[in-house]
Each structure stands twice: as structure tokens, then as C-alpha cells.
């Protein structure tokens, strides 16, 4: 019988190769494989270290979850400025949904986090995409709120879809309807002002 020995106490500097990036990488892998947020103990076990070694790099599980979540959002589609903004928005939305689908529990973590870091990553990409529209701040904010609420609702519906009826392409018409509404609203305000 082989006993898996874990190192106790503060990890030595880079001797075992443990660092923040490795911890985050392993946690993302476990989230994808195990379909859920790994416990600190499970993560430590996978890394063959004592759980306290992880706390050397992250002060608590919430900090670790924030870094993991931000990393996952940053892994999403990076918009191209030379492409049509509507095409880019759809690509970003599908990439976001695929990330939420791949990492079970991620949406719940996003919605309950105290930090805005992960949301800012998505918001910055959204803002970059819609720059050509020259929307006012309130219009951009309303557009983002409507879009994100729709995407989160779709994500929840897809997670409950045991028959696999829903596909990511099913969002095309709804996103186009949201876009059309934003464009119509923006044009109507231009005529009124």
C-alpha cells in the first residue's frame, strides 16, 4: 500500500514547483473534470501538498475563487477590432456561455462574488465591441444589463436541459433581437434630441 506523502508547512521557494499559476491551473482542470468547485483539500490532494500550502498563496477560498473565475473569464473570446461588431458580440456571448457550461458552478460563483474583477473582464470586452455605436453611458449600461441577464437565464436553462435540446446557436435570434432593440432605441433618441 502506497501512502501519498504531502509536504507540511510553508512550501519551499519553487522547489516543488508550486505557485499561484499552478494552483489556478489545477483548480480549473478539476472544475472542468469534476463538474464543480473543488474543495481546498481536493485541490491540495491533486497537487500532492498540504492544504495549508495553498493558503500560503491565497488568504482564503474566496480569494482563490476570484482568481480562478477571473482567469476563466479572461480565457474567453478576445474581440477583434477589424470584424463586424455584431459578429464579435455574438462570438463573445457564445464564448461566455461555453465557459459557464464547461465549469459547473461558475455562474453561481460569479453571481455571489463580492469582487467585480471577473465581471470587469467581460464588461471591458463588451465595451470594446460596442464602441462603434457611440451609445451614451445609460444606454451602454442598459444594453449590458439586458444582455447579461439573458445570457445568465440561458445558461441556467441549458444546465437544466437534460435532453440536450438547447444549443449555443439558439441564442442567435435572441441576441439579434436585443441588438435590434438597442439600435432602434438609439435611433429614436437621435430623432427626438
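The values are calculated or read from the model by the stated rules, or taken from the named source; none is laboratory data. Bear in mind the structure is a predicted one, so any value in this text is a computation, not a measurement. With ideal geometry, Cβ positions are generated from the backbone for all residues, glycine too; neighbour counts draw on all protein chains shown.
At-a-glance table
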{"item": "Any hit, segment 50-65, residues being closer than 30 Å to residue 143 by Cβ, touching a helix residue (DSSP H, G or I) at 6+ places or on another chain (Cβ under 9 Å), surrounded by fewer than 16 Cβ atoms within 10 Å (Cβ to Cβ) and at pLDDT below 90", "result": "no"}
{"item": "Residue within segment 80-95 that is outside any helix (DSSP H, G or I) and buried (at least 18 other Cβ atoms within 10 Å of the Cβ) present", "result": "no"}
{"item": "Candidate set from segment 93-122 (those that are without any contact (Cβ under 8 Å) to a residue 40 or more places away in the chain and over 11 Å from the mean Cα position of the chain (by Cα)); member that is farthest from residue 152 (Cα to Cα)", "result": "116"}
{"item": "So residue 111, is it modelled with pLDDT of 90 or more, outside the structural domain of residue 53 (by TED's automatic domain parsing) and in a helix (DSSP H, G or I)", "result": "no"}
{"item": "Residue pairs meeting the criteria (Cβ under 8 Å; at least 6 apart or on separate chains; first in the same structural domain as residue 26 (by TED's automatic domain parsing) and free of Cβ contacts under 8 Å to residues at least 24 places away in the same chain, in segment 42-69; second crowded, with 21+ Cβ neighbours inside 10 Å and outside any helix (DSSP H, G or I))", "result": "46/38"}
{"item": "Filter result (out of contact with any helix residue (DSSP H, G or I) (no Cβ under 8 Å at 6 or more places or on another chain), outside any helix (DSSP H, G or I) and modelled with pLDDT of 90 or more) within segment 164-193", "result": "165, 167"}
{"item": "Of all residues making up segment 134-146, the number that are surrounded by 13 or more Cβ atoms within 10 Å (Cβ to Cβ) and farther than 19 Å from residue 174 by Cα", "result": "1"}
